[in-house]
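Here's the structure, in structure tokens; my notes come after.
The values are calculated or read from the model by the stated rules, or taken from the named source; none is laboratory data. Not measured: the values here are computed from a predicted model. A quick note on method: Cβ atoms are made from the backbone with ideal geometry, for glycine too, and the neighbour counts reach across all protein chains shown. Protein only, heavy atoms only, side chains kept; ligands, DNA and RNA dropped before computing areas. Shrake-Rupley method; radii C 1.70, N 1.55, O 1.52, S 1.80 Å.
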Amino acid sequence: LYFRKLRQDLAAVRTPRWRAVGSRGSWQLFDMLADPSQENDLAAEYPGVFANLVANHARWQADVTMHLIERTPVPVGHPKAPMTELRTPESFQEGRLKWPNGPGTTTEWIRNWRSTEDRIWWDLDVLREGTYEVSLVYACNPEMVGSIVRIECGDKSLEATIDHPFGGNVRRRPDRRSTANWLLCDFTSRPLGKMSIPSGRQVLSIQATKIAAGTVCEFRGLILKKLD
């Protein structure tokens, strides 16, 4: 089972009148009727109200985290969806891999793939066993060509060389804020080969067995396409 913890550094609790706000372990209390812009911290003046709201938040936090949540596996091989893209935000990782902007967003990808010990994998629910074409979704400069990756699923494996460059044009996203530093990248996809994947709950992983020039590629994910 894999779990994601709730954020502990930002919180808020309120009643029709009062609002307690927590930020990085420090709490404040505001009277929303008299001070809707929340400029005056009244925690010291109303310690009973303040303590009650903070205690209520702690009880809520304990209740909603009592039962840990299993991450849903990615369905693969549905008759009406023979092609499935395994994106990096849905993956699990080992090693010193990095996210350009932070994991979880739909435009995210993996960088800093610099070690053969780095591993990326997905938890799959394969609805139909059979032969699947596996494609790599990536970007790499010409000097990075030549890295070899290995995909494994159960006792089946596929090894292929990244033999085609594609400059992804990593760039800063246009933003109204001059301080924003959100990165974007373009990607291409190329088939790596075919492999047999059994039905049921499976783990599909990718690792590099050879790194040509310090880093494997800008890695967006894999595409599985059922062929039979």
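Being of a type outside the set (V, I, T) and closer than 16 Å to R111 by Cα is the filter; apply it to region 166-177 and report the residue that is least open to solvent (accessible area, probe 1.4 Å). If you could, list the steps in order and put the result at the bottom.
From region 166-177, those of a type outside the set (V, I, T) are 166-169, 171-177; that's our starting set.
Within this subset, residues satisfying the condition of being closer than 16 Å to R111 by Cα are 166-169, 171-172.
On the way: F166: 65, G167: 53, G168: 7, N169: 88, R171: 82, R172: 128 Å².
Top of the filtered list is G168.
Annotation: A180 fulfils all but one of (1) over 23 Å from the mean Cα position of the chain (by Cα); (2) open to solvent by less than 40 Å² (accessible area, probe 1.4 Å); the unmet one is (1). Considered as a group, the residues in region 67-123 that are surrounded by 14 or more Cβ atoms within 10 Å (Cβ to Cβ) and among the acidic types (D, E) include one that is farthest from the chain's Cα centre (by Cα), and that residue is D118. When T161 is tested against (1) open to solvent by 30 Å² or more (accessible area, probe 1.4 Å); (2) at pLDDT 95 or above; (3) closer than 27 Å to P75 by Cβ, only condition (3) is not met.
Tell me, yes or no, whether region 55-66 has at least one residue that is among the aromatic types (F, W, Y), farther than 30 Å from L222 by Cα and open to solvent by less than 90 Å² (accessible area, probe 1.4 Å). Scanning region 55-66 turns up no residue that is among the aromatic types (F, W, Y), farther than 30 Å from L222 by Cα and open to solvent by less than 90 Å² (accessible area, probe 1.4 Å).
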